[in-house]
Structures are given as C-alpha cells and as structure tokens.
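So the structure is just underneath, and the comments pick up after that.
The values are calculated or read from the model by the stated rules, or taken from the named source; none is laboratory data. On a predicted model such as this, the values are computed, not experimentally measured, just so you know. Heads up, the Cβs are rebuilt from the backbone with ideal geometry, glycines too, and the neighbour counts pull from every protein chain shown.
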Amino acid sequence: MREVAIVAAGMTNFGELWQSSLRRMFVDAASEALEAAGVKKVDSIYIGNMSAGQFVGQEHLGPLMAGELGQAGAAAARVESACASGGVALRTAFMDVASGMSDLVLATGVEKMTDGADVTAVLASAADQELEAYYGITFPGLYAMIARAHMQKYGTTEEDLAWVSVKNHRHGAMNPKAQFGREVTLEQVMKSTPVSEPLRLLHCSPVSDGAAAVLLCPLDQAHKYTDRPVQIIGTGLATSSIALADRSDMTYLDAVQLSAVRAYEMAGVGPADLDVAEVHDCFAIAEICCIEALGLVEKGKGGAAARDGLTALGGKIPVNTSGGLKSKGHPVGATGIAQTIEIFEQLRGDCGKRQVEGAKVGLTQNMGGSGASSATHLFRRV
Amino acid sequence: MSGIVGYGAHVPRNRIKTEEIARQWGKDPEVIRKGLLLEEKSVPGLDEDTITISVEAARDAVARAGIDPARIGAVYIGSESHPYAVKPSGTVLIDALGIGPEVHVADFEFACKAGSEAMFVALGLVESGRVEYAMGVGADTSQGAPNDALEFSASAGGAAYIFGKNDLLAEVVETYSFTSDTPDFWRREGAFYPRHGGRFTGEPAYFKHVLAATRAILDKTGMKPADFRYVVFHMPNGKFPLQAGKTLGFKKEQFDTGWVVNTMGNTYSGSSPTGLAAILDVADPGDMILMTSFGSGAGSDSFVFKATDLLPKRRGRAKTLRSMLDGPRRYLTYGEYAKYREKIIVND
C-alpha cells in the first residue's frame, strides 16, 4: 500500500448560502483545491453527499460534478453514509491512491440544505425507518435520549452539555468560514429554546449549506504540489446497529470506538499522541460521547471535559478548534471533509488565532445517524 | 402637484398579547418581546374582514377630504386576505360609500405591499388627469399559521388614501419602486396559511428591497435622512424596520410615531399605510415624511410626502390611529382568538 498525502484544500463558507446552488458550491470548493495545487486534471473524484436527491432533487452527482468542474471523463461517484458521507469519501479516496489505482484524487463533500426541503424529515431518513422514524422520532429526539441516558448513568448535567457549545462557539468565533462565528455565554445556552429536552437550540448544530474538497496523491509525489503536505496515517470505518434501541449501551458509541481503534492501529499512534481533534458534535452530547469513544477521556468522564478546559484551545487536547459542527455549521455531506481541512490547516500551522502551537498529529471523527457509522482518520505533519 | 386629500385608518378592537400566544405553545414570551419587539396584536372580530376594515378607513378618508364620494373615479384595495377569491372587495366599498357606478375598481395583491401598490396606481391616475380623485386602500386580516413565528405578528387593520390635485393634506414629492423575483413568502391557491423561507425573508428579501428603494428615493430627491421628520417602513415585526432605519442613518425618534407594530402587529398590506396615518395624525405643516413598503415576492414602494397647512385643520374630522391602538380594547384568550380566526372546526 502506498503512503498517501493531502496536498491542497478548498472550502466555501458554511451558512445559508442562498446565492449558491449545489453544483456552484462544489465547484467553488473543488476548484480552490485544484488551483492551490496547480493541478489541471485529476484521476478520480469522490463526492460525499447525504441526500441531494431529497434536498434538491438531484441524484447522480458523479458525472454532474465532474462535468461542472471541467473534469468530464474522470472516474467520479457519490459516496453516502448519512452525515459521515464526507469521512467515507475521504477514506475511499485514500484507498484509491493507496492501492495504486489513481495518483490524483479529489475527496469532496457537499450539501445544500436550505432550498426548502423539510430538513428534519430528510435527516430522519438516516435513522431506521421501520424501528425509529416510523414512530415519529427525529435526530434531536434520539440524541436527547442518549443525553438522558448519559446523565442518568454518569451524572452528566445540562450545564456540562452547555459548556460544549460555549467552547465550540469560542473556537468558531476565530474561524472566518463559520456559520455562527460568534461567542455564546453559558446563560444564553441554558436559556435557549428547548428542542428536545434536555437538548436546547444552542446544543444543536444548525442547518447549513457548504462544500469542501481536499486533493490526495501518493506521499512520494506530494512535493510536486506543495512544500507542506500532510500525511493520512490511519483510516478506520466502522458500523453499529442503525437503531439506537438495538445497542447494548446507549451512552457508548461503539462504532466510533471501533473506527478509532482501526485508525490508531493502522497509524501506530494512540489518543495520547494527538495534538488536535475534530469530532462530530452534531449535538453537544455527541461530542461528549465521541471523546469518550475515541479514548480522549475515560468512559463516563466526557461531561466535564469542556467545562474543565481539557478540550478547549490551550487544553490538553483541543477538540473542534474549527468551531465544530455547532458553530462552523453542518452541511451534512461536507462535514467530514471540512473536519479534514481543519486538521490539514492545523498541521500546516495555517489556523491563525485558533492555531494549536506545534501540532504534529491530528484526528478527525465523522459519524452518521445516531452513531451507526463512523469514519476516523489520523494525520501527521510531514 | 398631486397628493393626499383624505386619509383614514381602522384597527379592530380585539387584541391578543404575546404572552397568551407564547403560553399556548410553551414558548418564552420574553424571547418574542425582546427579539421581535411585539407586545400584542389586533384581531378581527367575527364580522370583520378586509372589506369592513377598508370601508371604515375609507369613510374617514372621505370625511377628511370633504368631497362628494361620487367624484372618486378609481378605487383600489390591496390585500392578501380579500374575502373572495373571485368577486372584488372594492365593489362592496363603493356601494357602501356612494362611489360610482362611474368608477374604475380593482383588487390588488402583492403580499404586504398591495396597499402601497394601490396608492401608487391611484396617484398615477390622478397625476395623469384620467380621474379627478382616486382611492388606494391597504387592509388585511393577516394569516399566520398556528405556532409559526408569524402568529405573533399577523394582525388586522388598514388605511385608505384619497389622492387629488387640490386642497392637499400632504403633497407627494416623489415615488420610487424596486422589484425583483424573490420568493421569500407565499401562499398558494387554496392554502389557508402562508409559508415562508425563515431567515430568507430577512437579508435577501426585506432588507435588500427596503434599503434599495429608500436609498434610490433619497438619491432621486437629493434628500438626506436628516431632512425627514418622520419615517415609516413596512413592519413585519418590531425589529426589522428599526434595523433598516439604523443602516440607512435614520434616528429612532424619526420612527417613533409611525412604528405602531409593537401593539398593532403586522397588518400586512395595511402595515406602512397605517403607520403613515399615525404620522399624518400629528405632523406639522412642512414636515417631510418618508414611507417605504415591502411586499414579499418581492418589492418595495417608496414615497416622499410633505405635510401642508391644511393637514392640521382637517385631521380632526375623523379618529386617529393612536385612539384606536390606545383606546378601548378587548383582550382575548387563545381559545377565543382561535374561534375568532376560525381555526376551530365546528359542524354547520
């Protein structure tokens, strides 16, 4: 297997991008990556996208996006794993390069969520239709049940949840591409409108438009395109039961843990070696559960991490320096690639005010549904 | 010079408070009161609709004009709640007031800008010499779906303006219209409640059109914000007009008189026209007044008016808008409100 590097990245702002269509956002992000590397033609393109079919009535993104990007003829296909689509697109691109099948591959993600579709209903199609969605449950409801279970089992409090939002907004306020790049106070979070108790509005990631792209190539060719490549040293993809009720422990995201173990083993690094991590905080409770499953904190101790500053910039392991899904925005299919770009830029030292000084090893973790699929990647500065 | 020769407004007596609507849906009333700056809104009675509101307002307009209604050659009612899908509202109004039958009548619709649209066309007919007097009315019994943000604002009321060339209460100094295809809010044929694009109704819709129309009319007249004593913009909630005004450099005191939304609600097609009526109720001769409407879909009409010496002499002939907002009111429970707005299905 060849060693693989990321050599360039491109990303739109995240937000309600009413002036930009699905294809326009894709082209903006992908062409930024191509121009940064000075690349005219790629071998293949993987497009992480959860549900353009339901959001804007557009399927068959492979040929559409290849053509729009001026890459007609390239091997191109959409990759789907709900909100983990971007992470799985990155893994697919990695395997394409690592296997020797392709030399230049774009791993991208795009989602257009604000064109009028019933977003909650579309997202709910990532839950188990027979066991969950049929009964009316939506993702805020599923994550609220995880939060309740975590509170009951470990004594996690609503304030612990709120600290996750406060921290991520503090980080996001330093990210010019963030949808809600402003700080929020603990009081604002605690008083925000209840969505599905105990989750309040400011515990929940927003509905967003956006696209992100990274360019991959074999590590030994990377210096043709950049003098600061970042190597992908591990990838892990895992699944769990799609229905939350089928899991033995609602508070433990076993697919996240399994995807992390696979990535750690491949990379030969562990949680203690990480300098920075982007994890899937679609709801505040998700970040708490993910950092436990990733081994960044002990099982059951995730609640205190944000409050105690462990996961803040300057803490032991800064988590979601981009602002996370909460502050940066969550155009679902693009999220996994946007996380990758944050780590890419952190390891290159390009993050300005939110830079983790001297970051050498980083992690991204991107999940689908209520944690039924998870893609974890590890990166190292070259 | 053409201008306003008579005006009148009407707001129903029923009210519902923000707290009462919030209580029904488990929302925090403080968030609405502070976020949207809405305290209460007017609610039509069971026997009130766009036609009755228009007639009440038009009667007062005729009284202030002191003209024979038969000389009014055109009547246009702008509304998004005309009681009939097919059959004009205006025909009832002309018969009630003794206008016509030699009169041109039409009902207008342009979401919340239908009232200023009616005024715009009425003014044009007078200016052209086609008719001696023309009336433009904006009135609505606004629809807002239960538990939608609109439910806190959608209210009932309207204002009527008669345009002519002599004995003006306010001169029309300039007009300007700014329109584009912007689908921010709509109600399809047969649908009971409008739908909207959430925050899309803000920046690309309301603010884009209100700011553009207002900037253009300032440019066209060579006037500055400081030249106006009073300003009124369309009031979908309390916050938007003040925010737009601040962006343009207007001060809060220029808005205070016409900013009636906090206790009246959004009377849709009647919104900026009722605000203008509140201004004419108190303006001094020579005062400059700026009005910019907004209708979803989307467009804005801007008018610059100048109050005349005749205005203070005539306005006492009919009731002021403030007297209706601050006068006798009847507060409804949500249950009564639901009954009055025919949200409860009963057997025949």
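General remarks:
- Options B:189, B:203: the member that is of a type in the set (Asp, Glu), out of contact with any Asp or Glu (no Cβ under 7 Å at 6 or more places or on another chain) and over 27 Å from residue B:141 (Cβ atoms): B:203
- Considering each residue of the range A:61-82 in turn, at least one proves to be touching a residue at least 60 places away in the same chain (Cβ under 8 Å), touching a strand residue (DSSP E or B) at 6+ places or on another chain (Cβ under 7 Å) and aliphatic (A, V, I, L, M).
- Screening the range A:7-17 for residues that are touching a helix residue (DSSP H, G or I) at 6+ places or on another chain (Cβ under 8 Å) and in a loop (DSSP other than H, G, I, E, B) and picking the one that is farthest from the other protein chains (Cβ to nearest Cβ) gives A:12.
- Within the range B:161-192, tally of residues that are in contact with a Pro (Cβ under 8 Å, 6 or more places away or on another chain) and away from chain A (no Cβ under 14 Å): 2
- Index of the failed condition, residue A:20 passing every other in (1) within 14 Å of chain B (Cβ to nearest Cβ); (2) under 30 Å from residue A:129 (Cβ atoms); (3) polar (S, T, N, Q): (2)
- All helices (runs of 4 or more DSSP H) inside the range B:1-98 with 1 or more residues being within 14 Å of chain A (Cβ to nearest Cβ), more than 21 Å from the chain's Cα centre (by Cα) and not basic (Lys, Arg): B:18-25, B:29-35
- Residue in the range B:203-222 that is under 23 Å from residue B:110 (Cα atoms) and part of a loop (DSSP other than H, G, I, E, B) present: no
- Total residues in the range B:161-173 satisfying the condition of being in a strand (DSSP E or B) and surrounded by fewer than 18 Cβ atoms within 10 Å (Cβ to Cβ): the figure is 1.
- Any chance residue B:200 is within 14 Å of another protein chain (Cβ to nearest Cβ), free of Cβ contacts under 8 Å to residues at least 40 places away in the same chain and either surrounded by 22 or more Cβ atoms within 10 Å (Cβ to Cβ) or in contact with a strand residue (DSSP E or B) (Cβ under 9 Å, 6 or more places away or on another chain) (or both): yes
- Checking each residue of the range A:156-173 against the condition of being assigned to a loop (DSSP other than H, G, I, E, B), within 20 Å of the chain's Cα centre (by Cα) and away from every other protein chain (no Cβ under 14 Å) gives at least one match.
- Qualifying residue in the range A:41-60 (condition: closer than 28 Å to residue A:233 by Cβ, more than 14 Å from chain B (Cβ to nearest Cβ), part of a helix (DSSP H, G or I) and at pLDDT 95 or above): no
- Scanning the range A:99-153 for residues that are away from chain B (no Cβ under 14 Å), in a helix (DSSP H, G or I) and polar (S, T, N, Q) returns a single hit, A:152.
- Tabulated pairs, the range A:221-233, first part of a loop (DSSP other than H, G, I, E, B), second of a type in the set (Gly, Ala, Ser), C-beta under 6 angstrom, 6+ apart or interchain: A:225/A:37; A:229/A:5; A:229/A:222
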